[in-house]
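Asks: Below are the C-alpha cells for one structure; questions will follow.
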Amino acid sequence: MGRPAVGLWLPEKHEALDAAPWLEHFCDLEARSDGSIDVCVRNPSAVGLPYLQQAEGRFNLGPEVIDDGEQAAFPGLDTPPAAELVVFAYCSGPQEHRLLGHLALFLAERFGALIDFGGMLGYRYAGHCRTVEEKAARLAESRALVALLPGRVLEMPFEIEDGLYGYSHVGDREFLAAWLGHPDFRLI
C-alpha cells in the first residue's frame, strides 16, 4: 500500500519553509537539503483532531515542479497554480489519512490553495477490474461520489505515458472539509 499524499496548488510562489511559522506551534520541524521539511505533529487538536491517539503523525512537505507544458493542462482554472507543495505521510493507515487531510486543509486555508488529491477519490484501482465496462462503472461511481459533496471539484487530466491519460480530482477547501466528514473518506 502506498503512502497517502496531496498536492497544494498555490496561487503565489511559496516554499515549504514558508509554512514553518504556522506549523511550529504544534509540530516538530526538520528542514531537509532538498527544500522540504519533515513535520511531526505533536498536537493533532491544532488541526481539529483532539481524539486522535494512534497516528504516526510524520509527514513531509516539499516542492513539486510544475513544468511549463503542464501549465496549459489546467482546464477549469482561470489561472494555473504558481507553485505546488506536496504533503505525504510516512505511514499509511486510517489515522494517517485523516491527519493528513486535516493538515492539508490547515495549510490550504493559510496558503489559499486548491488541493490535488492525486487521483480519483473513491475510485479503487483493483486488479479484478479488467474490462472497459468495469473501469467505466468505477469511474462513474467516483464521479457520483464527489458530485454529492459541496464545494468545487474538478477532474484534471495528467499524462501517464505517451498518449495515455489519467485524471485527478482537484478541490477547493470547502470540498476537502466535506470530504473529511464523509464516511468513505480516504486519501490516495
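The values are calculated or read from the model by the stated rules, or taken from the named source; none is laboratory data. Here the structure is a predicted model, which means the values were calculated and not measured. A quick note on method: Cβ atoms are made from the backbone with ideal geometry, for glycine too, and the neighbour counts reach across all protein chains shown.
Asks: Restricting to the stretch 2-57, name every residue that is at pLDDT below 95, out of contact with any Gly (no Cβ under 9 Å at 6 or more places or on another chain) and farther than 20 Å from Ala108 by Cβ.
Replies: Gly2, Pro50, Tyr51, Gln53, listed by residue number.
Asks: Also, quick follow-up: So for the stretch 22-34 (the condition being under 30 Å from Tyr165 (Cβ atoms) and touching a residue at least 24 places away in the same chain (Cβ under 8 Å)), does at least one residue qualify?
Replies: yes
Asks: Condition test on Val86, is it aliphatic (A, V, I, L, M), at pLDDT 95 or above, part of a strand (DSSP E or B) and within 16 Å of Ile188 (Cα to Cα)? Show your work before the answer.
Replies: On the way: aliphatic (A, V, I, L, M): yes; at pLDDT 95 or above: yes; part of a strand (DSSP E or B): yes; within 16 Å of Ile188 (Cα to Cα): yes.
Yes; evaluated as a whole, the condition is true for this residue.
Asks: Kindly indicate which of Glu109, Glu155, Glu141 is part of a helix (DSSP H, G or I), surrounded by fewer than 17 Cβ atoms within 10 Å (Cβ to Cβ) and at pLDDT below 95.
Replies: Glu141
Asks: Exactly one condition in (1) more than 17 Å from Asp18 (Cβ to Cβ); (2) at pLDDT below 90 is false for Val146; which is it?
Replies: With respect to (1) more than 17 Å from Asp18 (Cβ to Cβ); (2) at pLDDT below 90, Val146 is out only on (2).
Asks: Then there is this: Considering only residues that are surrounded by 14 or more Cβ atoms within 10 Å (Cβ to Cβ) and either closer than 14 Å to Ala16 by Cβ or aliphatic (A, V, I, L, M) (or both), which ones fall in the stretch 78-105?
Replies: If the condition is that a residue be surrounded by 14 or more Cβ atoms within 10 Å (Cβ to Cβ) and either closer than 14 Å to Ala16 by Cβ or aliphatic (A, V, I, L, M) (or both), then Ala83, Glu84, Leu85, Val86, Val87, Phe88, Ala89, Leu99, Leu100, Leu103, Ala104, Leu105 are the ones that fit.
Asks: If you don't mind, another one. Give Leu121, Leu149 a once-over and let me know the one that is more than 27 Å from Pro63 (Cβ to Cβ), in contact with a His (Cβ under 8 Å, 6 or more places away or on another chain) and part of a loop (DSSP other than H, G, I, E, B).
Replies: Leu149
Asks: Which residue pairs have Cβ atoms closer than 9 Å, lie 6 or more positions apart in sequence or on different chains, and pair a first residue in the stretch 174-188 that is under 20 Å from Phe88 (Cα atoms) with a second residue that is of a type in the set (Ser, Thr, Tyr) and buried (at least 17 other Cβ atoms within 10 Å of the Cβ)?
Replies: Ile188/Tyr123; Ile188/Ser168
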